[in-house]
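Quick note: the coordinates plus some simple rules give every number you see, no bench work behind them. On a predicted model such as this, the values are computed, not experimentally measured, just so you know. Quick reminder, even Gly has a Cβ in these numbers, built from the backbone with ideal geometry, and neighbours come from all protein chains shown.
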Amino acid sequence: MRQKIEKVALILTGLAALGVSIADFAGALTELPWLAQRIPVFTLLLLALLVTFLAFEQRDYSPRINNKIDQSSVRVMEEIKKLHGAEVLHFDNVTQVYSYVTTKLHGVSKSVDDITWGSREAFRTNTEKEAYQEYLKAMEAVCERKNIEYREVSSLTDNHYYDRAKNLIEKGYYTYNLGYYDITQLSVPLFSFIIFDRQEVVAAFYRHPKLPLPGEVYISITHPLIVRLFGDYFDTLWAGSRKIKDGLNVDNTTFNQIKERLTK
């Protein structure tokens, strides 16, 4: 209601100023000398009313505008806090990584997307070895479940990773799928990660073979947009990979060729 009254007042002020100007230009004010002599004062009065009205409008609307800006800033800060808060977990060592991944594997309900590359060739401690073995058991347990799709992208760079994949293929797990890349002529460090149900990604293992392993950063992320990025990257890698196993289809020719290369 108030806005309508203010709008009407502004229109009437403008019409009054326009009317006086037209009347003076047409000579209609010659018969009203008292008004003709006061046109400058009358014009100043109308101008003062207009400026005052605009000043009040700016005062009334500025808090609303500033409030919108403040709310937008709060939303941005909330997103930044999420990235640096509970939605990012940091692991101190490899044992913690494998232990956490094992726990998450036991809890998945739909899918696992696993980039291994086979870049980690050795373990430094017995604790790491034990944690890794538990991860392998959890991986096989997931593949046994018929309602989970497990997709792995690997380079099968040594006998260990080859035998690991062979075990899952020979056991006939329908849900286990394997995409392959030949990186024998590639020395670029490759990034390994695993995605659970397209809701969380654990990223690790990227320094080999260019830098010593101590110093790697291991994290888990649940931020939807970042998980979406990793998921899309995985889909891109999967689309370009050579499928060693896809559902019931197994490319035994390529798989045997890889084994021959590893035995040379």
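What the table below lists for this structure:
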| read-out | value |
| --- | --- |
| Lone qualifier among F193, F230 - being aromatic (F, W, Y) and more than 23 Å from N159 (Cα to Cα) | F230 |
| Filtered residues of the stretch 217-264 (kept if farther than 14 Å from D182 by Cα and more than 33 Å from the chain's Cα centre (by Cα)) | L248, N249, V250, D251, N252, T253, T263, K264 |
| Residues satisfying the stated conditions in the stretch 127-162, i.e. assigned to a loop (DSSP other than H, G, I, E, B) and of a type in the set (V, I, T) | I148, T157 |
| Number of the condition not met by Y218 [criteria: (1) in contact with a His (Cβ under 8 Å, 6 or more places away or on another chain); (2) free of Cβ contacts under 8 Å to residues at least 12 places away in the same chain; (3) hydroxyl-bearing (S, T, Y)] | (2) |
| Unique match (being in contact with a strand residue (DSSP E or B) (Cβ under 6 Å, 6 or more places away or on another chain) and either farther than 19 Å from Y100 by Cα or among the polar types (S, T, N, Q) (or both)) among T125, T184, T157, T175 | T175 |
